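> I'd like to ask you about the structure that follows.
Derivation of every value follows stated rules applied to the coordinates shown; laboratory data play no part. All values derive from a computational prediction rather than experimental measurement. Ideal geometry is used to build each Cβ from the backbone, glycine not excepted, and the neighbour counts take in all protein chains shown.
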Amino acid sequence: MFELFTPRRGARALLEAGPNRWDWILLPLVLAVLAAVAFGAMQMTRPFTVGEATPISLDPAYLPYYLLRTMLRMFTALACSLIFAFVFAAIASKYRAAEKVMIPLLDVLQSVPILGFQAIAIAPFIALFPGNLLGVECAAIFAIFTSQAWNMAFSLYQSMRTVPPELNEASRVFCQSGWQRFWRLELPFAMPGLLWNMMMSMSGGWFFLVAAEAISVAGQDIKLPGIGAYIALAIEAENGHAIAWAICAMLAGIVLYDQLFFRPLLAWADKFRFEESQGDTAQGSWLLDWGRRSRWIRGLTDRFWLTLSGALGWFSLRQDSARAAAPPHPFGKYATRAWNVLVPAASLLAVYHLVTFIHSDVGWAEAGHVVVLGLITLARVMLLIALASLVWVPIAVWIGLRPQYSQRVQAVAQFLAAFPVNLMFPVVVFMLVTMKLNPNIWLSPLMVFGTQWYILFNVVAGAATIPNELRLAADNLGLKGWLKWKRVYLPAVFPAYVTGAITASGGSWNASIVAEYVTWGKTTLIADGLGSYIKRMTDAGDFHRIALGIGVMCVFVMLLNRFFWRKLYLLAENRSL
Amino acid sequence: MSENVLMELHAVAKSFRSADGAPRLILDDVNFSLAKGEIVALLGKSGSGKSTLLRIMAGLIPADAGKASYRGKDIRGPASGVAMVFQSFALFPWLTVQQNVELGLEAQGMAPLEREKRADAMLEMMGLAGFGGALPRELSGGMRQRVGIARALVTNPDVLLMDEAFSALDVLTGETLRNDILELWDSNRIPTRGILIVSHNIEEAVMMADRIIILSSGPGRIRHEVTIALPRPRTSDSAEVRALIDEVYGLMTMRPAHEARPGAAIATHTDFRLPETDVSRIEGLLDLLADAPFNGSADLPKLAEEAGLSDEELLPTCEALALLGLAHMDKGDISLSQLGLRYADAEQTLRQEIFGQQLLTHVPLAARIRQQLEQEPTGTSPEEPFIELLEEFLKADEAKRVLEVAIEWGRYGEVYEYDFHTGRLKLPDQQEE
């Protein structure tokens, strides 16, 4: 009965249509990006031996090249993070047994500071590519990866667990295979959250760029050509001008990838918003508009999607025979039980080893000392989050209620969150030294320097979504001044605030490593705390004490999350609008 | 005979594991078959397990006991000859209408050109030609459900399962869509051999089905079966249809007292189940009943029409009135009791007082809560023990809902109060304190 219909839209021949003017505009852009990537990639694989100094110049003329290298690294790391997130989320959401181990593991990994990964990973990576720069390059990419991957994986996993049940049922009724379901249902549903987290991850990558590119672990001193190494060198040389140039380069980099990568992606991904009604104004992107108007690009993307939808058929379920679901195997039950015993047993074993390790290798006095340092850093984090909240919540609410500003402020805040705290070192050292201030107090603000913006932009977003009717009702009832804040604004933004504060708190712990140990040329200012302890031990290459410091930090972060932030979060969730 | 049977359920039972690990029976001993050329409607109150039954037949969830088979083969997962239409449409919002319709074909591994052709034909048949490139969010509810139906029909299913497919639509749209499907079915333009409809709209069931199955609740069993021999298309105003609707209303509202089999008496706790409705709807219906033209008693279909309530809303509300002793129900009619008439004339404070009294005397759960609170020296108690009590025979989410209803009624009758933030129930504050 369907024979009557002939296909109306066949595969469009790619070059059938001549180029239009949008093609000519886009062509140089595409070629330039391709050439830059190829050039940068070639530079990555130069011969190199450990101990050899890589020349970094503070001449601003080299900055575009450094920027290119840094961008390549960050995007490679981002791609790795994405793949990691896919694999992680797919496994964790499909297998209960794996989930029980993987989710807590992710929690731990998230709280391990970047230096911890670097200390472990640098040697194996160099050994992997002997006599080639690629090994060090991989180590740097790995370090950036560790500051990007975890939140992406977690976001994807969470989305996959919360796919609306009726869509899940529809997918099953129509006999989609796991492969098809991932691409057609789970990934699209997770897309908005995943993209948002990718942008956050890029910011996180910038924040620790100096540590990732200027590797100074265990007596090594390797600087890879890039913005991070440039900043590190500028700090060593006490060159303020170079710092200023680095800031400009970074700004240019952020604008570039925002315009060329994230904006188009966000605009394109707008269709994945799950609310089926037309909601917020869609993000626009000039690049995407150009691409959609260009015939060549359109031809290419059409072909691309056609190929992809062909790939969807790869693992289709072959009718009913393939899916004759086996009755629950008795062995499966035992395996689950065995697993449930095995996991606690393994963790008990780990605890035992930890105790013997502390007892024999570092001593209890040292462990106690580190815990005290942890408490100092904890006090700092909490105090500063509180202070930052006092300052930013009112401002953020004010901005959020004025939509004409809120979008612009969001963009600026995102840039500020990416701003590596190292760039503040010259100003801070100058102020502390000339005014003879106590570093224990005055270095602390650096910890929330990069993370307070999470509070700002979450609260701005929260305030922007306060229903207009609620505000009108408050006006109508004559609520004014403090009463209006207490009864309307503060409760309304509370959930958004908690989300922001959780991110800020986690980031601040990580930032303590940079913020409690500040150098500018030969001047070094140290604040007592867990961060400076880890940093000093990393410089010294004392692996036992690095492990101790990082372990204690993990425990602190996880306890804080579990017993404080999580409680607040649940409270906020119950009261949300 | 088995040649003629599409789907067959034999002694099917299903239970869910509740929070404390003990199984709660949802469906018990369900025997049912769907024959070729038949439209069957499943009716039942919420919580009667009719959606669960549908999902067992769709292969989405396995039955615990008994045998479910499709064309003689055991159902062990979604079969490719069985398609489903969802209450909430379940369209993939990021796919265009065309892509949504192609979904099932894509899953079968059909070549892109072929599936485009099939989808185009189906869109045309469902009156969606020209909408292929639209995203679901651009469409109205009725159009979305058309897409949902097209998506199910394009795979040429043998059996079509419809899970309250029209209940999210307004009455007029639902009716049009229903008629469109019946037309396709009666003119044999779709290869589908059997349709199973889960519904709570009695008129819809009577208008569409060849056979209506009514499930009892807690656990769901087949209670009645009504065969409808009227030819389609049926007119909703005809005497036969009105009589059938009346009959089904009567069957649906029959007191479940004789439901319990003699042998099962040991297992019965006090029935703590409460109809899912709220105070303002109860009072609204009571006022409507008391006034002209009903003057105290009404035929349920007429009352539904007058009140503008769907059957899913009306029936629990009537049940609540009966439970509270404010009305009597008999064979599809409802009439206010003496007390109900007094209630209708009463002032607000008196109403709440009567409500409270009736609550304590007729609703075991409310009485239990009040009694418990009075025994506590502080006059307060956490909600958990009551949830646990309910979970002994209800699913976790149902138990929560029942407690919510009990809390609302209790608050209105000033029998007890509830603090949301602490999750504690307490006695109302005494005036003199």
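> Across the residues of B:107-114, average count of Cβ atoms on other protein chains within 10 Å?
Working: counts 14, 8, 11, 2, 2, 7, 4, 2.
If you average over the peptide's residues, the count of other-chain Cβ atoms is 6.
> Is the protein assembly as shown best put as rounded, prolate or oblate by its Cα gyration tensor, with a ≥ b ≥ c the root eigenvalues, rounded for a/c under 1.5, and otherwise prolate when a/b is larger than b/c, oblate when not?
Details: a/c = 2.10, a/b = 1.55, b/c = 1.36.
Verdict is prolate for the protein assembly as shown.
> What spacing in nm lies between the two simple spin-label points modelled at B:Ser310 and A:Tyr62, each 7 Å away from Cα in the Cβ direction?
7.0
> Between the helical axis of B:171-186 and the dominant principal axis of chain B, each derived from Cα atoms, what acute angle in degrees is found, rounded to the nearest 10?
Once rounded, one gets 40 degrees.
> What distance in nm separates the two pseudo spin-label positions at A:Val372 and B:Lys331, each 7 Å out from Cα along the beta-carbon direction?
Here the modelled spin labels are 9.0 nm apart.
> I would also like to ask the following. What angle do you read, to the nearest 10 degrees and between 0 and 90, between the alpha-carbon axis of helix A:330-357 and the longest principal axis of chain A?
So the helix axis and the longest Cα principal axis differ by about 20 degrees.
> Work out the FRET efficiency for A:Trp179 and A:Thr434 from their Cβ-Cβ distance, taking R0 = 60 Å, and round it to the nearest 0.05. Provide the component values of the computation, followed by the final result.
Numbers: r = 63 Å, r/R0 = 1.05.
For R0 = 60 Å, the calculated efficiency reads 0.40.
> Need one number: nm distance between label points at A:Trp286 and A:Ala237, each 7 Å from Cα along Cα→Cβ, rounded to one decimal.
For A:Trp286 paired with A:Ala237, the spin-label model returns 3.5 nm.
> Okay, moving on. Please find the FRET efficiency linking A:Phe564 to A:Leu27, where r is the Cβ-Cβ separation and R0 is fixed at 35 Å, and quote it to the nearest 0.05.
Working: r = 55 Å, r/R0 = 1.56.
For A:Phe564 and A:Leu27, the calculated efficiency is 0.05.
> Follow-up question, since we're still on this one. B:Ala134's amide H: which non-local residues (gap 5+, or another chain) put their own amide H closer than 5 Å, with H modeled 1.01 Å from N in plane and none for Pro or chain starts?
B:Val97, B:Gln98
> Quick one: Cα centre-to-centre distance for the range A:511-570 and the range B:348-380, in angstrom?
57
> What whole-number distance in Å separates the alpha-carbon centres of the range B:122-158 and the range A:85-133?
Distance between centres, Cα-based: 45 Å.
> So the label point goes 7 Å from the Cα of A:Lys484 along Cα→C-beta, right? Which residues of the range A:401-422 then have their backbone N under 20 Å from it?
Within reach of a label on A:Lys484: A:401-406.
> Using 0.36 nm per residue, how much length does the chain from B:Glu138 to B:Lys302 gain when fully extended, once their Cα-Cα distance is taken away?
Stretched fully, the B:Glu138-B:Lys302 segment lengthens by 55.4 nm.
> If you don't mind, another one. Counting DSSP beta bridges in the protein assembly as shown, what percent are antiparallel, to the nearest 5?
Values: 41 of 62 bridges.
DSSP beta bridges in the protein assembly as shown are roughly 65 percent antiparallel.
> May I ask you to compute the full-extension gain from B:Thr422 to B:Ser280, defined as 0.36 nm times their residue separation minus their alpha-carbon distance, rounded to one decimal in nm? Each step should come with its number before you reach the end.
Details: separation 142, 0.36 × 142 = 51.12 nm, distance 2.59 nm.
Additional length available on full extension: 48.5 nm.
> Mean residue ellipticity at 222 nm from the helices of chain B, using -39,500 (n - 2.57) per DSSP H segment of n ≥ 4 over the full residue count, to the nearest 500 deg cm²/dmol?
-12500 deg cm²/dmol
> Check which residues have an amide H placed less than 5 Å from B:Met84's amide H, if you skip close sequence neighbours.
Close amide H contacts, sequence-distant or interchain: B:Leu161.
> For chain A, take the longest principal axis of its alpha carbons; what is the angle in degrees between that and the long axis of helix A:425-435, to the nearest 10 within 0 to 90?
The two axes meet at around 30 degrees.
> Looking at the range B:279-426, send over the antiparallel percent of its DSSP beta bridges, to the nearest 5. List each step's numbers first, then the result.
Details: 13 of 13 bridges.
Given both bridge residues lie in the range B:279-426, the antiparallel proportion sits at roughly 100 percent.
> On to the next question. Only four residue types carry charge here, +1 at the Cβ of Lys and Arg and -1 at the Cβ of Asp and Glu. Report the dipole size of the range B:50-185 about the Cα centre in Debye, rounded to the nearest 20.
Approximately 400 debye in magnitude.
> Follow-up. I'd like the antiparallel share, as a percent to the nearest 5, of DSSP beta bridges with both residues in chain B. The partial results should precede the final answer.
On the way: 34 of 55 bridges.
DSSP beta bridges in chain B are roughly 60 percent antiparallel.
> In whole Å, how far is the Cα centre of the range B:8-86 from that of the range B:206-259?
20
> Once a ≥ b ≥ c are taken as the square roots of the eigenvalues of the Cα gyration tensor of the range A:339-577, is the result rounded (a/c under 1.5), prolate (a/b larger than b/c) or oblate (a/b not larger than b/c)? Before the final figure, lay out each step's value.
On the way: a/c = 2.85, a/b = 1.52, b/c = 1.88.
Judged from the Cα gyration tensor, the range A:339-577 comes out oblate (a/c at least 1.5, b/c at or above a/b).
> Under a cut-off of 22 Å between alpha-carbon atoms, report the lysines in cross-link reach of B:Lys36, not counting same-chain residues fewer than 8 places apart.
Straight-distance partners of B:Lys36: B:Lys50, B:Lys67, B:Lys73.
> Listing A:Arg69, B:Arg55 from the residue with the fewest other Cβ atoms within 10 Å to the one with the most, what is the order? The partial results should precede the final answer.
Numbers: A:Arg69 24, B:Arg55 21.
Least crowded to most crowded, the residues run B:Arg55, A:Arg69.
> Under 5 Å between amide H atoms, partner at least 5 residues away or on a different chain: which partners does B:Leu6 have, H built in plane at 1.01 Å?
Here the answer is B:Leu34, B:Ala35, B:Lys36, since their amide H atoms fall under 5 Å of that of B:Leu6.
> Please label the shape of chain A as rounded, prolate or oblate, based on the square roots a ≥ b ≥ c of the eigenvalues of the alpha-carbon gyration tensor (a/c under 1.5 means rounded; beyond that, a/b larger than b/c means prolate, else oblate). Intermediate results must be reported in sequence, preceding the final value.
Details: a/c = 1.29, a/b = 1.26, b/c = 1.03.
It is rounded, given that a/c, with a ≥ b ≥ c, falls under 1.5.
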